[in-house]
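Remarks on the structure that follows.
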Amino acid sequence: MKKSYLAALTVALFSVQGLALDYNNIINYANDTDAQKEATFNALAKDMGAVLGGGFYHSGKSLGVVGFDAGGRISIQKISDDNKLFKDNNTDMIALPWVQLEKGLPMKIDLIVRGISSDGLTAYGGGIKYNLISFAVLNISAVLSHNQLTHDYLKATTTGLGVVASLDIPIIKPYVGFGSDSTEVTPGTKALADAPLLEGVKGKSSGTRIEAGVNISPLPLLYIYGAYTMVNSGTGYAGGLGLKF
């Protein structure tokens, strides 16, 4: 399991540029029927929502009023068979990295903000985590998130609501998360300028997100985590590292 996760993470890291650059091919589908265009954008919404909404579930514990977490996240997804845009570009896996900051607030609330910008793609978002249960080593929190991705040829937004539970034990801290995501994808401004027939096309997808993984703390304040994910019937991985104060 560890070897397969590391292998997938390595492949995904080298495929991030493809995620940022391949959207311009969306104009190739402008002459498809309305039903075909809708199916193409629905498939995009399904896979893009999986990576756009990832990275929120690694801990159910509140940071506390003075707590702060700074790190990086990456969401990886195997694309679905009906995703024409990426299949036509010989892409089998997509990934999206994030720079993510989390700050503890009063009333057991954590504020999350994050973003990334590269090769014409900009993604940003955040969320709020509220601690529901803190009993012995068990911590359970609810997470509400919203993220947006913009590119000249494509726009995507994802909203998610979920619950994450973790065990606060020494060194290795397991966690599980379960939630629901809703994603919408539309053509970008340049896509509409180059291919007016894409006007009004919209892709939508909603489904469950399940994530199970472990946090490892090899040194004080430092953590690394990895997880297996199932989003809207697709499979993938999540990972990250950071410093927690």
Hey, among Glu211, Glu184, which residue is in a strand (DSSP E or B), out of contact with any Leu (no Cβ under 8 Å at 6 or more places or on another chain), acidic (Asp, Glu) and buried (at least 21 other Cβ atoms within 10 Å of the Cβ)? Glu211
Go through Gly213, Gly203, Gly179, Gly188 for me and flag whichever is touching a His at 6+ places or on another chain (Cβ under 9 Å) and within 18 Å of Ala50 (Cβ to Cβ). Gly213
Return only the number of the condition from (1) farther than 30 Å from Asp32 by Cα; (2) assigned to a helix (DSSP H, G or I) that Tyr225 does not satisfy. (2)
Exactly one of (1) modelled with pLDDT under 95; (2) in a strand (DSSP E or B); (3) of a type in the set (A, V, I, L, M, F, W, C) is unmet by Ile169. Its number? (2)
Quick one: which of Ala212, Ala227, Ala195 is more than 20 Å from Ile74 (Cα to Cα) and either touching a strand residue (DSSP E or B) at 6+ places or on another chain (Cβ under 7 Å) or in contact (Cβ under 8 Å) with a residue 24 or more places away in the chain (or both)? Ala195
All but one of (1) touching a strand residue (DSSP E or B) at 6+ places or on another chain (Cβ under 7 Å); (2) closer than 23 Å to Gly239 by Cα; (3) part of a loop (DSSP other than H, G, I, E, B) hold for Val66, so report the exception by its number. (2)
Pairs with Cβ under 6 Å, 6+ apart, first in segment 74-94 and free of Cβ contacts under 8 Å to residues at least 12 places away in the same chain, second surrounded by fewer than 22 Cβ atoms within 10 Å (Cβ to Cβ) and among the acidic types (Asp, Glu): none
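The values are calculated or read from the model by the stated rules, or taken from the named source; none is laboratory data. All figures in this text were calculated on a predicted structure; none of them were measured in a lab. As a convention, Cβ positions derive from the backbone with ideal geometry for all residues, glycine included, and neighbour counts pool all protein chains shown.
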